[in-house]
1. What order do you get for B:ARG58, A:ARG196, B:ARG177 when you list them from fewest to most C-beta neighbours inside 10 Å?
2. Which entries in A:LYS260/B:LYS55; A:LYS72/B:LYS18; A:LYS66/B:LYS62; B:LYS18/B:LYS65 show an alpha-carbon gap greater than 19 Å?
3. Considering every residue in A:36-45, what mean count of other chain Cβ atoms within 10 Å of its Cβ is obtained?
4. So for B:ASP51, A:ASP19, fewest C-beta neighbours within 10 Å to most, what's the order?
5. So, in Å, what gap is there between the alpha-carbon centers of region A:208-282 and region A:149-196?
6. Report, as an integer, the average count of C-beta atoms from other chains found within 10 Å of each Cβ along A:11-21.
7. Fully extended, how many nm does the chain gain between A:GLU272 and A:GLU192 (0.36 nm per residue separation, minus their Cα-Cα distance)?
8. If you filter region A:197-282 for GluC sites (Glu not before Pro), then keep DSSP loop positions with at most 10 other Cβ within 10 Å, what is left?
Amino acid sequence: MNKDILEDITALADKEIRDKSREKVLFELIRNDEEIGLEYEIQTGIKSLMRERFASGTCPTVLMQKITSTLKNETRTRKKYNLFSSGYFGAFSNHPVIAFATVLLVLGFAYLYSDTFSDQASDLIKLQSGENNMYVQASANFSSIIAGKLLPQLSSSDIEENKKFLHDSGVEYLPDLPTPHLWKLSGSVVSECSGRKYAHNVYSGGGNQIIYLFQAENVSCSNKNELNLSRDLIDYLAGHSYLKVTDGENCSYIWQNNDKIFMLFANFDKEELPSEFISASL
Amino acid sequence: MFTVESQRDDKALQQLYKEFEVEAIPHMDAIYNFALKMTGDPDTADDLVQDTYLKAFRFFEKFEKGTNCKAWLFRILKNSFINDYRKNVKEPDKVDYEDVQNFYENIKASDIKGSHVVQDDFSNLLDDEISSALSSLPEDFRTVIILSDIEGFTYEEIADFVDCPVGTVRSRLHRARKMLYSKLYKYAGERGFINKESSQ
């Protein structure tokens, strides 16, 4: 049987034949040719069956309410995202981010200033969403640090002391703590997400320069239930030295070494940042 | 700096949400239905729909007003599904089109001529059985069936949605319905619903 005719029968069943004369020919074939008649019956029959059985599916009310509530909250939080409560530090210790603030902070970085990003960086950053997302969390934490609402749990410039603190606080991986020449380690914070502990460090330098470093194992970042990152971003990092996002005076770098992903946020932009931090961790 | 920008955007944000409520929220049933059919799992479908709407809201400023919002939402959902969910979905045994072709060519039109084969023989099948047959189709084929037969999109809309020529949509639909038919025919046969005598 001619394939074109059979596919035209499908189009006929879908009322997609625009040419009236062709339509007439096809109906003629349906009447006079058993196989074509069967084809038409099957195509129309399956179509009807699908529509009858499944077209009435509705979204569960609970889900609909959850989504609309999430979106409404997001609009509220987006307005207020720079006004974290004083309890935010506590929230960081137990759960690194407040859900809706997170999305908005990414928007703050990725959307409002998207004209300063390279297209690729902008696109990759826009894909990061959800309260568990590492970039979303890092953005929120950096904002809190800059606002003075998040202070190190351990204030020390001693590398070994910081490593011990992170280990003793439950961080299971061995954190890399660079020792830059231009900036000094200020301390550490440990956060928890989905039962796992993560290492955060703050560096400082002259002129109120603040650097925030968040590192996590690749395996956690690939897990949707833990610190997830979009697959596109993970793939990008696998093939590039780093991803840089600039935002006015601020900048952030994202990179990975063999088993960890790093996010560095700074309230300034200096060309020494990659060599001092990224090269040191590779 | 963020504060200035966010305050400047307050009113715009509220307006944006109002427009989103009118344009996008009404399509939630269709989006959920599609997510459920694509994933075959209610919990995963819930997550997928939530992700879709969150992304849609984030990118709503990019949506061209007056164009097909439903198709736009479906496109976001499809991308989310491909990027984040597909690898986690347990795929049922897939239908092999070659097998279907052989099966189909062996059906004699005279065996079933005059019967309303689909309506009569398949009407007693359970929704779960039909769902299972649909899930067994390869993703490209399942997608066109859902979009055409369940959601009522035109070929042109589907072509835009799946990013392929209209001719490919037509061809996939043709083959997809054949595959579904063969699968359902098998189910119906196993359950004794195929009654050839009555169709003579």
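A short reminder: the numbers here are calculations on the coordinates, not readings from a lab. Computed from a predicted structure; not experimentally measured. FYI the Cβ positions are ideal-geometry reconstructions off the backbone, even for glycines, and counts take in every protein chain you see.
1. A:ARG196, B:ARG58, B:ARG177
2. Beyond 19 Å between Cα atoms: A:LYS260/B:LYS55; A:LYS66/B:LYS62.
3. Taking all residues of A:36-45 together, the mean is 6.
4. A:ASP19, B:ASP51
5. If we compute the Cα centre of each part, the gap is 16 Å.
6. For peptide A:11-21, the averaged partner shielding equals 3.
7. Length gained, A:GLU272 through A:GLU192: 25.7 nm.
8. Sparse-neighbourhood loop GluC sites (Glu not before Pro): A:GLU249, A:GLU271.
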